[in-house]
Amino acid sequence: MNPIDSSTTPRDIGPTEDGAALRILWEDEHESVYLPFDLRMACPCAGCVDELSGRRTLTEAMVAPSVHPTAIEYVGRYALKFVWSDGHDTGLYSYDLLRGLCRCDECVAPSGSSPPS
């Protein structure tokens with residue numbers, strides 16, 4: 001049995017205090033905040049990414065800046081599925097993917113260096 005990776009195991013998932021973004025608190029105490037537009041643009045489904053080449057087929061021009069989830073569903077213990085205001089609902093966002101999408105200073109700092117203070 002594989003050990004559970006605390007960096008990709010969510011402890012709490014919900015909206016930010018202002019309701020404008022999605023907040024995930026991971027078991028390793030890291031907090032990630034995701035804007036809806038950024039999540040929609042990162043959709044990993046075959047309708048948004050070419051299955052053969054891996055090239056993203058979804059463009060920013062195809063998504064309204066005001067896009068937002070109308071529902072969020074858990075998929076087993078490994079992913080979230082969003083139902084988007086534009087009607088799209090086929091992407092499964094694994095917890096590994098979501099953690100990799102975190103754009104906080106700590107996550108985007110080059111390996112072995114500290115984020116700016």
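Each value in this text was obtained by applying a stated rule to the coordinates, not by laboratory testing. Everything numeric here is computed off the predicted structure, so don't read it as measured data. Don't worry about glycine lacking a Cβ; one is built from the backbone with ideal geometry, like all the others, and counts go over all protein chains shown.
Scanning region 35-89 for residues that are part of a helix (DSSP H, G or I) and either under 20 Å from P10 (Cα atoms) or within 14 Å of the chain's Cα centre (by Cα) (or both) yields a count of 6.
Take the residues in region 14-34 that are touching a residue at least 60 places away in the same chain (Cβ under 8 Å) and crowded, with 16+ Cβ neighbours inside 10 Å; name whichever of them is nearest to the chain's Cα centre (by Cα). Among them, the one singled out is Y34.
Can you find a residue in region 73-82 that is on the phi > 0 side of the Ramachandran plot and free of Cβ contacts under 8 Å to residues at least 60 places away in the same chain? So far as region 73-82 goes, yes, one or more of its residues are on the phi > 0 side of the Ramachandran plot and free of Cβ contacts under 8 Å to residues at least 60 places away in the same chain. Taking residues in region 39-56 that are without any contact (Cβ under 8 Å) to a residue 60 or more places away in the chain, and partners anywhere that are charged (D, E, K, R) and in a loop (DSSP other than H, G, I, E, B), the pairs with Cβ atoms closer than 8 Å and at least 6 places apart or on different chains are R40/D86; V49/R55; R56/D50.
If you go through region 67-95 and keep only what is loosely packed, with under 12 Cβ neighbours inside 10 Å and among the small types (G, A, S), you end up with A71, G76, G87. Selection of region 1-34 for residues being polar (S, T, N, Q) and in a loop (DSSP other than H, G, I, E, B) yields N2, T9, T16.
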